[in-house]
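Asks: Submitted below is the structure of interest, expressed as structure tokens.
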Amino acid sequence: MHDVAAPTEGMNRTQIAIRDALDGRRSGWRAILPMTGPAVIVSIAYMDPGNFATNIQAGARYGYTLLWVVLLANVIAMLFQALSAKLGIVTGRNLAELCRERLPRPLVLAMWVASEVAAMATDLAEFLGGAIGLSLLFHLPLFWGMGVTALVTYAILLVEQRGFRPIEVIIGALVAVIAVCYLIEVFIAPVDWGAAVAHSIVPQLPDATAVMIAVGIIGATVMPHAIYLHSGLTQTRVPVRGDADRRKLIGYSNREVIVALTMAGLVNMAMVMMASAAFHLGHSDVSEIETAYHSLTPLLGSAAAIVFLISLLASGVSSSAVGTMAGQTIMQGFVGFKIPIWVRRVVTMLPAFVVVSLGVNATTALVISQVVLSLTLPIPMLALTAFTRRRDIMGAFANGRPTQAAALVATVTVLFLNALLLLLTFGVQLPLLS
């Protein structure tokens, strides 16, 4: 842990406002607003186009049955994002940097490669989602949609050079757009609220395909790159003077995580409910974003279809920018160097162009990318759980027994679902799912 004198010279207005809040010169909303930002940015990872793909498949094929998976994934996400933010606040290091400093070099390199694969799978989903939204909304070829998405996300990333606050405001506005869109959708769709509540709390996996979709939902919800990124967003946001500052910052951070990820969780559940209400009875074969859009117009009206596309477009553009930010954090943390943002943008776009060029179905690619994310997810979960329990790293802020137990149970749950997926992939028959 590193204490900083916290001078106001050289600090931007938001940092000064945070300093005033920590020193008691601001209270109420005037204290909360400058603290808000990191969890809002990472929350977009929980509403990215990968979520659209897995949630549409879940709702169309299984109705409300897999809502409990969405709720479980969101609770796990809250825990690990809170731990990641705490790690950055307490140590002044992000998760990838601590891995490089504390773990053997061969293990660090292996973790870096796996994390880069996860980051590229993330960007594949996000970039394709934005391109699909643009192409459907404005009747463009998918390649043109990809080009426009690339330019828009690059423009958003350039804003980051002006400090952390402008990009927080932009991402926050896009999060609000997605939330409002799905608030409208659940009022348009004839949702069975009783069934939705029941299936949110009763676990059920009807068959092997449901397991794959469930793992995809968890991979689309608890994002590996978001776990790395959150610690990076909090590590240098404001200079700290000691444990009293850290305690206050962690308190504000935990409240922001709960609010931001509750909103993200409700959006995800709304996606499943909308797909269930619109497609499950009579259109359960709907499994693609494009088909969902074209089916919504005759089923729920053109307004529902347009709102769906606007939310997808906002999701793709914002999450693609956040994914590139996370990729920079991962690379700089694990291997200690940073590449120009345009190079990172080009490299992470390439898989999407390859997928489209080969004629691979875009929604299928999205779902597979989410399964890849779930398979790589235990890596940052295990590292974060290990680091945040160590008093030599966290001092007085090391995890207590209940927090540590919850983190271990969550990690074991993800590992268990991944093991099920691998067994099913290799043709192993599981009696419970036959």
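Throughout, read-outs are computed from the coordinates displayed, never taken from laboratory work. If you're wondering where the values come from, they're calculated on a predicted model, not measured in any experiment. Note: ideal-geometry Cβ built from the backbone for every residue, glycine included; neighbour counts use all protein chains shown.
Asks: Ranking request for peptides 205-211, 376-382, 312-318: highest mean number of other beta-carbon atoms within 10 Å first, then the rest in descending order.
Replies: Final packing ranking: 312-318, 376-382, 205-211.
Asks: Under a crude label model (7 Å from the Cα following the beta-carbon direction), how far is Ser302 from Asp20 in nanometres?
Replies: For Ser302 paired with Asp20, the spin-label model returns 4.9 nm.
Asks: Using alpha carbons only, how many degrees (0 to 90, rounded to 10) separate the axis of helix 105-137 from the longest principal axis of the chain?
Replies: 50 degrees
Asks: Another question about this same structure. Rounded if a/c is under 1.5, else prolate if a/b is larger than b/c, else oblate: which is segment 165-281, with a ≥ b ≥ c the root eigenvalues of its Cα gyration tensor? If you can, show how the numbers build up before the last one.
Replies: Numbers: a/c = 2.52, a/b = 1.90, b/c = 1.33.
Taking the square roots of the gyration eigenvalues as a ≥ b ≥ c, segment 165-281 is prolate.
Asks: Go ahead and run the numbers for FRET between Arg391 and Thr262, Cβ-Cβ distance against an R0 of 22 Å, rounding to 0.05.
Replies: That gives a FRET efficiency of 0.10.
Asks: Separate question: Out of these labelled values of Cα Rg over 2.2 N^0.38 Å, (i) 2.27; (ii) 1.11; (iii) 0.95, which was calculated from the coordinates shown here?
Replies: Here Cα Rg over 2.2 N^0.38 Å agrees with entry (iii).
Asks: Simple spin-label model, 7 Å along Cα-to-Cβ: Trp193 to Leu140 in nm?
Replies: Distance between label points: 3.9 nm.
Asks: Could you check the simple spin-label distance between Val113 and Ile339, using points 7 Å along Cα→Cβ, in nm with one decimal?
Replies: 1.7 nm
Asks: So for Leu98, Leu384, fewest C-beta neighbours within 10 Å to most, what's the order?
Replies: Listing Leu98, Leu384 from fewest to most nearby Cβ atoms yields Leu98, Leu384.
Asks: Any chance you could check the Cα centroid distance between segment 306-347 and segment 211-242 for me, in angstrom?
Replies: 13 Å
Asks: Taking the Cα centre of the chain as origin, sum charge times position over the Cβ atoms of Lys and Arg (+1) and Asp and Glu (-1), and report the length of that vector in debye to the nearest 20.
Replies: 1480 debye
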